[in-house]
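For reference, the structure discussed in these notes is given below.
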Amino acid sequence: MTDPTSDRRRDALMGERVAVVSGAARGIGAAIAKRLAADGLRVGVLDLDAAACADTVGAITEAGGRAVALGADVSNEESVAAAVQQLDDELGAPTVVVNNAGILRDNLLFKMSVADWDAVLNVHLRGAFLLTRAVQKYMVEQKWGRVVNMSSTSALGNRGQANYSAAKAGLQGFTKTLAFELGKFGVTANAIAPGFIVTDMTAATAERVGVSFEDFQKAAASQIPVQRVGTPEDIAHTASFLVSEGAGFVSGQVIYVAGGPTD
Ligand code: NAP
């Protein structure tokens, strides 16, 4: 049976959609925001500091898209509510949420402070909960929605990342639960679990372990089946698919985007 929704109809639908992408001032979030805008969505570019979103918003508008900068801390309930309200006022009701904001506070367990544990869990997990909860009423009203949560290969465990791996594994359980709860409202929820992606985050890790970023990337690439490290655009491509109209039967999945199998 052929799909009754024509490509043209799908394109038109995307033009009506509004997305919010957290941590979109740079790195993976910026690439996702730009890609979704290129796909025709209007995009709320959310990050801690609205001014830091200027490059992403500028790139989108220069390319003919529509975007707004939203300054918010995803771990703060009032801040998230205000940003989502601003997005609704300025671009329309969001029905796509990409929970991408993240931080690292790596340390071996015996040296990990409670503050570092809480900071990581708060940004990744509490942040994804708060932003998704704020957007779900619009998705349920419109009987359509897409949730994309940024997990990581570290969800499978990674030395020095007890806090981060717990948060990234937690996001996978959160994703599957959303898929169960929101499916009947036409909402899908999926997670992307990237491997090594070239961003400021991996550059900071190289600096912390005292290796040049170039050598760090070379060492990582040699362990990856496709023999290269990933780019933010690799992740944006996967996010674009999961957000697309045609991906409505894909839900509750974790897609590892890591250049090879992960276990
Ligand atoms: P990044 O370059 O460090 O960017 C993360 C962005 O999130 C930054 O703009 C940061 O703002 C923002 N952010 C941090 N805390 C926030 C908060 N409380 N509220 C709102 N925004 C906040 O990181 P990335 O490499 O693009 O990573 C993006 C996501 O992918 C993260 O969830 C990360 O864990 C995940 N991931 C990355 C990799 C990788 O290899 N890079 C692999 C697997 C998963 P500031 O600049 O102000 O801190």
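Every number here is computed from the coordinates shown, using simple stated rules; none is lab data. The structure displayed is predicted, hence computed values, not measured ones. Virtual Cβ from ideal backbone geometry, glycine too; neighbours counted across all protein chains shown.
Summary table
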item	result
Kirkwood hydrodynamic radius (C-alpha pairs) into Stokes-Einstein, the chain, 25 °C and 0.890 mPa s, D in µm²/s	132
Pairwise FRET efficiency - Phe180 versus Ala54, Cβ, R0 = 25 Å, nearest 0.05	0.05
Contour excess over end-to-end distance, with Cα ends at Glu90 and Glu77 and 0.36 nm allotted per residue	2.7 nm
Computed [θ] at 222 nm, deg cm²/dmol, the chain (DSSP H ≥ 4; -39,500 (n - 2.57); rounded to nearest 500)	-14500 deg cm²/dmol
Amide hydrogen neighbours beyond the local backbone of Val257, cut-off 5 Å, H modeled	Ala193, Gly195
Relative contact order of the chain, defined on C-alpha pairs under 8 angstrom at six or more residues apart (%)	18
Full-stretch length increase - Val140, Ala221 - with 0.36 nm per residue and alpha-carbon distance subtracted	25.0 nm
Partner lysines for Lys143 [C-alpha distance under 29 Å; skip if fewer than 8 residues away on the same chain]	Lys34, Lys168, Lys176, Lys184
Potential extension, Leu108-Ala203 segment - 0.36 nm per residue separation minus Cα distance	32.3 nm
